[in-house]
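Right, one structure below, let's go through it.
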Amino acid sequence: MSGRVVVTGLGVAAPNGVGAADYWAAARNGTSGIGRLSRFDPSGYPARLAGEITGFDADAHLPSRLVPQTDRMTQIALVSADCALADAGVRPGELPDYDMGVVTAGASGGFEFGQGELRNLWSKGGQHVSAYQSFAWFYAVNSGQISIRNGMRGPSGVLVSDQAGGLDAVAQARRHIRGGTRLIVSGGVDASLCPWGWVAQLASGRLSTSDDPRRGYLPFDAAACGHVPGEGGALLVMEPLESARQRQAPQVYGEIAGYGATFDPKPGSGRAPALQRAIEVALEDADTEPGGIGAVFADAAALPALDRIESEAVTKVFGPRGVPVTAPKVLTGRLNSGGAPLDLATALLAVRDGVIPPTPHVTPAEEYDIDLVGSEPRRSALRAALVVARGHGGFNSAVVVRACAG
Amino acid sequence: MSSRRVVITGIGVIAPGGVGTKDFWSLLTEGRTATRRISFFDPSPFRSQVAAEADFDAELHGLTPQEVRRTDRAAQFAVVTAREAAADSGLEFTGVDPHRVGVTVGSAVGATTGLDWEYRTVSDGGRLDLVDHTYAVPHLYDYFVPSSFAAETAWAVGAEGPATVVSTGCTSGLDAVGHGAELVREGTVDVMVAGATDAPISPITVACFDAIKATTPRNDDPEHASRPFDGTRNGFVLGEGCAVFVLEELESARRRGARIYAEVAGYASRCNAYHMTGLRPDGREMAEAVRVALDEARLNPEAIDYVNAHGSGTKQNDRHETAAFKRSLGEHAYRVPVSSIKSMVGHSLGAIGSIEIAASALAMEHGVVPPTANLHTPDPECDLDYVPLTAREHRTDAVVSVGSGFGGFQSAMVLARPERSTA
């Protein structure tokens, strides 16, 4: 075995498109899924913009008994896993159960479900808390439910590293595959657009208070003012390259070629941030020079201090304006644990089609010496891309995806 | 195949009945129980009113007022315990490249207690649907996403390598250490600070386990409420706590003359893909995890001297894992001592897997196997040697510790002496 681990199926659910094809068209065209929150009345809160998935109908896809037992994020995850497996041409029932696993990233669990039960507890009393609460909200729910639905009994797991967790989960899936597991569903889906989740996210101090969907989330811009939260994410079917070829998978999107993760020094320690090192470790793990990377999918925090750290890290590794940088997440908002897996899916599609998707509405501030792909998609014969993700508290992760053909 | 092997060189524990490894081990070897009527809030409206609570004062254990203010109790446990483990290891963390030190913290339910009480405030006792952000604490986001536990732990020991929270329900404590060991083995880091924490004793947790009758209603006899493998058991007792380990590569640990408690010799996790809370009686997936972990450790079942059971004290679990041990260990299952420390320290959800690894490592260190307390009238369907009531002197060179949890996760870890002969 070469140890090469590839992605053969994509399941995507994003505010600007459900399904990989619709989402990718929206990302290329610069179609945004950001708007004023509609799930509840946001007028009393300082932030009011969100990336909401519209038109998702759990009842159309899932058994009726499962819907009341699951949070919205789990429903979206289950359907996304179905899509990813179908895309990969995999029927899980045909593979040995211990040869398949599920590794997802979590962030806040089934928070909206938890909100309902907390309300029952405090307004009506403990006996009104649902029998489903114990397993509908906890962080392991998506991995558990995907495993049950698809009969996957192999090595599985759940990692939480805020918005960086999606990359850590995919790296963990790669480890399991290299350890002998034939297929892993990995990635992350999150959805906490409920008042309780909104208040928790507001507390981060990182939310944009703009009311203009085009001006709300502007990473690397002089007008950067925080981010817009969203819901959704992506699940990927991963397997060894040999096994994908042997079973004549409908497509091989590309290889998870490199991974690096670091944690920032404690604030006030005077030590340098660790993002650059995560990128360097990922490149080294992918056995590639910076010149081999055709695009960087940025974390794009849209807070000046964090944008500066990221642009400096990219500049130090790739040189001033040394690589195209893009942030298609300005069209979806930041999706917690779902954001980085969605970026991985986007990067794989960019490599497949030779198109780097745009970062609409952003004019990079002069202080950042990066080549930001602006409002128009850019044609490029890129063979590999780097995805960067950071989590609140100091988590840094980076993954290199690379074309496999030839 | 990589030749790097991973050993435990430092242990820190907070468990009900004692803060610190020493108190924890005394409790276990004396067979005392730390279960009691819930004191953190008035439990009288609830079906189950018993828990294993830790008597823990964060400031007394070295946290600053700001650290206390910004962290959930479970994060406080992790910080204090990580410091104990670091000190116990004798490793000079300041002399190690911080990039080569990583952190994994297991937790099943994160900051659920902090979230519970915060929700009560921002919703004004459940009255407001549109909860009021102006009443939220500034660190609410750190409760919202529990990777803050890994951040606090990394800051406590100065780690700048990979850091993450592992959250696989009640196997989190095994899976976090398994994950940490893997990072050392593959060479990503040289040192891992790995363990698990949970502090779930709050109204929402008690209510949600009440709703599925998973916890015991034995409210008139709290000290004897956790009764794994006993015919009179009727549910688990919620607990809290934390255990953290320093994991190092074997040769570098030997070079610096470190005390080596045990090698993390094998680990595996499987899913039952059956039910979010239910278990099939045949124990198939747990048995598979045990089999793979033994295989990784290159040990035959007969080499196992002690099995640290999940032993939660639900009828379903006790029969499930008894079947799993027979399936994976064969005849040896009837000969090897098997015990559940949950009989004494309760079930601290994601933390307990790490606390049980600590108990297993200490059993090897001291040659004593902790008992299963409160086991007076064995369930006839549970017919193994569960070490009832009294700790047993027993030379222990290799241990299997298992965990089972919601979501269907089944995990097993083998600890063994690094100098053992292998199959």
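Just a few scattered comments:
- The range A:175-201: number of residues that are among the charged types (D, E, K, R) and more than 20 Å from the chain's Cα centre (by Cα): 2
- Selection count where residues are out of contact with any Phe, Trp or Tyr (no Cβ under 8 Å at 6 or more places or on another chain) and closer than 25 Å to B:Gly17 by Cα, scope the range B:318-343: 2
- Subset tally (residues that are part of a helix (DSSP H, G or I) and without any contact (Cβ under 8 Å) to a residue 40 or more places away in the chain) for the range A:202-230: 0
- Only one of the numbered conditions (1) under 17 Å from the mean Cα position of the chain (by Cα); (2) assigned by TED's automatic domain parsing to the domain that holds A:Val362 is violated by A:Gly230, and that is (2).
- Matching option when the condition is within 11 Å of chain A (Cβ to nearest Cβ), over 26 Å from the mean Cα position of the chain (by Cα) and small (Gly, Ala, Ser), among B:Gly102, B:Gly110, B:Gly125, B:Gly95: B:Gly125
- Considering (1) at the interface with chain A (Cβ under 7 Å from one of its Cβ atoms); (2) under 22 Å from the mean Cα position of the chain (by Cα); (3) buried (at least 24 other Cβ atoms within 10 Å of the Cβ), the lone condition that B:Gly178 does not fulfil carries the number (1).
- Per the conditions (1) assigned to a helix (DSSP H, G or I); (2) out of contact with any Phe, Trp or Tyr (no Cβ under 9 Å at 6 or more places or on another chain), the sole criterion not satisfied by B:Leu299 is (1).
- Residue match in the range A:176-193 (condition: within 23 Å of A:Arg390 (Cβ to Cβ), facing chain B (nearest Cβ under 7 Å) and not charged (D, E, K, R)): no
- Restricting A:Val170, A:Val228, A:Val189, A:Val199 to residues that are buried (at least 20 other Cβ atoms within 10 Å of the Cβ) and either at pLDDT below 95 or within 23 Å of A:Ala282 (Cα to Cα) (or both) narrows the list to A:Val170.
- Checked against (1) surrounded by fewer than 24 Cβ atoms within 10 Å (Cβ to Cβ); (2) of a type outside the set (A, V, I, L, M, F, W, C); (3) in contact (Cβ under 8 Å) with a residue 40 or more places away in the chain, A:Ser161 passes all but a single condition, namely (1).
- Conditions (1) more than 20 Å from the chain's Cα centre (by Cα); (2) more than 9 Å from chain B (Cβ to nearest Cβ); (3) touching a residue at least 12 places away in the same chain (Cβ under 8 Å): number failed by A:Gly166: (1)
- Taken across the range A:33-41, residues that are closer than 30 Å to A:Arg149 by Cα, crowded, with 17+ Cβ neighbours inside 10 Å and not assigned by TED's automatic domain parsing to the domain that holds A:Ala350 do occur, with at least one present.
- Verdict on B:Ser48 being surrounded by fewer than 24 Cβ atoms within 10 Å (Cβ to Cβ) and hydroxyl-bearing (Ser, Thr, Tyr): no
- Output for the range A:67-79, where each listed residue is more than 12 Å from every other protein chain (Cβ to nearest Cβ) and surrounded by fewer than 22 Cβ atoms within 10 Å (Cβ to Cβ): A:Val67, A:Pro68
- Screening B:Ala85 with (1) within 30 Å of B:His179 (Cα to Cα); (2) part of a helix (DSSP H, G or I); (3) free of Cβ contacts under 8 Å to residues at least 40 places away in the same chain gives one miss only, at (3).
- The residues in the range B:337-394 that are under 19 Å from B:Glu240 (Cβ atoms) and among the β-branched types (Val, Ile, Thr) can be counted, and the count is 5.
- Screening A:Ser130, A:Ser108, A:Ser123 for residues that are over 26 Å from B:Val292 (Cα atoms) and crowded, with 20+ Cβ neighbours inside 10 Å leaves exactly one candidate, A:Ser108.
- Qualifying position, being β-branched (Val, Ile, Thr), surrounded by fewer than 24 Cβ atoms within 10 Å (Cβ to Cβ), under 27 Å from B:Glu285 (Cβ atoms) and not assigned by TED's automatic domain parsing to the domain that holds A:Leu275, among A:Ile148, A:Ile177: A:Ile148
- Some residue of the range A:326-334 being within 14 Å of another protein chain (Cβ to nearest Cβ) and over 23 Å from the mean Cα position of the chain (by Cα): no
- Number of positions in the range A:327-370 that are polar (S, T, N, Q) and in contact with a Pro (Cβ under 6 Å, 6 or more places away or on another chain): 2
- Residues in the range B:383-423 that are touching a Phe, Trp or Tyr at 6+ places or on another chain (Cβ under 6 Å) and of a type in the set (Phe, Trp, Tyr): 2 in all.
- Residue under evaluation B:Ala51, criteria (1) in contact with a strand residue (DSSP E or B) (Cβ under 6 Å, 6 or more places away or on another chain); (2) aliphatic (A, V, I, L, M); (3) assigned to a helix (DSSP H, G or I), criterion not met: (3)
- With respect to (1) more than 8 Å from every other protein chain (Cβ to nearest Cβ); (2) in a strand (DSSP E or B); (3) of a type in the set (S, T, N, Q), the lone exception for A:Gln248 is condition (2).
- Residue check, A:Ser64 in a loop (DSSP other than H, G, I, E, B), within 7 Å of chain B (Cβ to nearest Cβ) and more than 19 Å from the chain's Cα centre (by Cα): no
- Qualifying strands (runs of 3 or more DSSP E) (wholly inside the range B:304-423; at least 2 residues being hydrophobic (A, V, I, L, M, F, W, C) and buried (at least 24 other Cβ atoms within 10 Å of the Cβ)): B:398-404, B:409-416
- Among the conditions (1) closer than 29 Å to B:Cys170 by Cβ; (2) among the aromatic types (Phe, Trp, Tyr); (3) within 12 Å of chain A (Cβ to nearest Cβ); (4) without any contact (Cβ under 8 Å) to a residue 60 or more places away in the chain, B:Phe149 misses just one, which is (4).
- Scanning the range A:39-61 for residues that are under 23 Å from A:Ser80 (Cα atoms) and either touching a Lys or Arg at 6+ places or on another chain (Cβ under 7 Å) or part of a loop (DSSP other than H, G, I, E, B) (or both) returns A:Arg39, A:Glu52, A:Ile53, A:Thr54, A:Gly55, A:Phe56, A:Asp57.
- Selection from the range B:236-264 of residues that are surrounded by 24 or more Cβ atoms within 10 Å (Cβ to Cβ) and more than 18 Å from the chain's Cα centre (by Cα): B:Glu248, B:Ala253
The values are calculated or read from the model by the stated rules, or taken from the named source; none is laboratory data. What you are looking at is a predicted structure, and each value in this text was computed from that prediction instead of being measured. Every residue, glycine as well, gets a Cβ built from its backbone with ideal geometry; the counts of neighbours run over all protein chains shown.
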